[in-house]
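Okay, so here's the structure we're looking at.
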Amino acid sequence: MSPQPQPEVTVRAATPDDSSACGQICYDAFSKLSAKHGFPSDVPDAQTAASILSMLFSSPGFYCVVAESEGRIVGSNCLDERSLIAGIGPITVDPGAQNLGVGRKLMKVVMDRAQERPAAGMRLVQAAYHNRSLSLYTTLGFDVREPLSCVQGRPRDRNVPGCVVRPAQPGDLEACNALSRRVHGFDRGTDLADGINKKTACVVERAGCVSGYATVLAFFGHATAESNLDMQALIASAESFGGPGILVPSRNSALLRWCLANGLQVVQPMTLMSIGLYNEPAGAWLPSVLF
Ligand SMILES: CC(C)(COP(=O)(O)OP(=O)(O)OC[C@H]1O[C@@H](n2cnc3c(N)ncnc32)[C@H](O)[C@@H]1OP(=O)(O)O)[C@@H](O)C(=O)NCCC(=O)NCCS
């Protein structure tokens with residue numbers, strides 16, 4: 001029997017008006033995937049997914065696209081262009097249109113865009129239990145960089161002796177960017193400035209110097225610190241973590257062990273993947289779900 005011909009799929013720039021349709025697809029795709037594997041969904045409902053996508057689709061730091069087939073949206077993808085490294089995701093395809101090449105198309109369009117800029121590299125975080133996304137990203141050229149543990153809960157230790165955590169101010173940007181360059185080889189100043197504007201960002205000081213920061217302690221936030229002690233102080237200061245949780249590099253056994261000893265629970269395994277510039281971080285770090 002000859003294979004069924006597939007309807008043509010086109011990709012165009014996303015607009016905020018697309019966020020409701022894309023939010024429904026995002027929720028359907030993640031909830032179906034996670035239920036199949038016995039994990040909680042990354043997004044609790046279609047409305048939350050739509051509001052996340054609406055924010056990304058209208059943010060000047062992001063390039064977002066939708067895929068259409070026969071006049072209907074069947075998926076979307078986003079590219080975070082706020083730093084030297086481009087972050088990809090969230091990408092989702094309507095469950096009824098999956099495994100037919102739509103995801104590959106949505107990936108290629110944003111990867112081409114990143115190459116045109118040009119970005120020094122691209123990164124993404126995938127659900128480690130998802131065979132299809134791992135296969136797709138690997139065949140597109142992404143390398144596995146770091147196993148991650150998404151952890152959630154309220155830390156029992158509320159502070160770490162010798163460390164003071166306080167809200168980040170615009171005046172902290174320079175020190176935080178310099179720290180990020182020492183740890184990662186590049187900074188994420190625009191992302192941090194967003195966190196300072198939204199009043200979600202915090203810094204940790206040790207011996208009177210900034211020794212770490214977090215844009216927000218959440219799934220969509222990243223944190224960078226000189227040492228595990230500084231990172232522990234940042235984590236301990238949070239009442240709760242937004243979204244499914246924070247992403248702890250699983251090979252940082254001392255930090256993961258500290259999280260577990262403090263009552264945090266592992267929610268799901270994830271994997272950081274990259275193409276292009278990647279330096280083994282020289283400090284403590286938590287990636288966001290983008291990278
Ligand atoms: C992940 C996702 C975006 C991929 O989109 P898609 O349209 O289903 O994927 P595509 O059909 O374009 O590509 C899948 C590829 O993986 C291959 N593949 C699928 N399962 C595989 C497996 N178990 N082993 C090896 N290859 C596999 C397919 O053959 C295809 O490769 P090909 O293009 O060479 O034929 C989509 O499945 C989705 O929305 N999943 C749920 C949400 C999610 O996980 N999002 C990603 C978050 S990181």
Considering only the stretch 46-67, I want to know if a residue exists there that is free of Cβ contacts under 8 Å to residues at least 60 places away in the same chain and at positive phi. no
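Here is a yes/no grid of residues against (1) free of Cβ contacts under 8 Å to residues at least 24 places away in the same chain; (2) in contact with a Cys (Cβ under 6 Å, 6 or more places away or on another chain); (3) more than 21 Å from residue 267 (Cα to Cα); (4) surrounded by fewer than 20 Cβ atoms within 10 Å (Cβ to Cβ):
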{"position": "84", "(1), (2), (3), (4)": "no, no, yes, yes"}
{"position": "101", "(1), (2), (3), (4)": "no, no, yes, yes"}
{"position": "125", "(1), (2), (3), (4)": "no, no, no, no"}
{"position": "132", "(1), (2), (3), (4)": "no, no, no, yes"}
{"position": "146", "(1), (2), (3), (4)": "no, no, no, no"}
Residues being near the ligand (Cβ under 9 Å from one of its atoms) and in a loop (DSSP other than H, G, I, E, B): count how many of those fall in the stretch 108-139. 1
Selection within the stretch 47-106 - within 11 Å of the ligand (Cβ to nearest atom), farther than 14 Å from residue 27 by Cα, of a type in the set (A, V, I, L, M, F, W, C) and outside any strand (DSSP E or B): 97, 100, 102, 106
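Every number here is computed from the coordinates shown, using simple stated rules; none is lab data. Quantities reported herein were computed from a predicted structural model and do not represent experimental measurements. Virtual Cβ from ideal backbone geometry, glycine too; neighbours counted across all protein chains shown.
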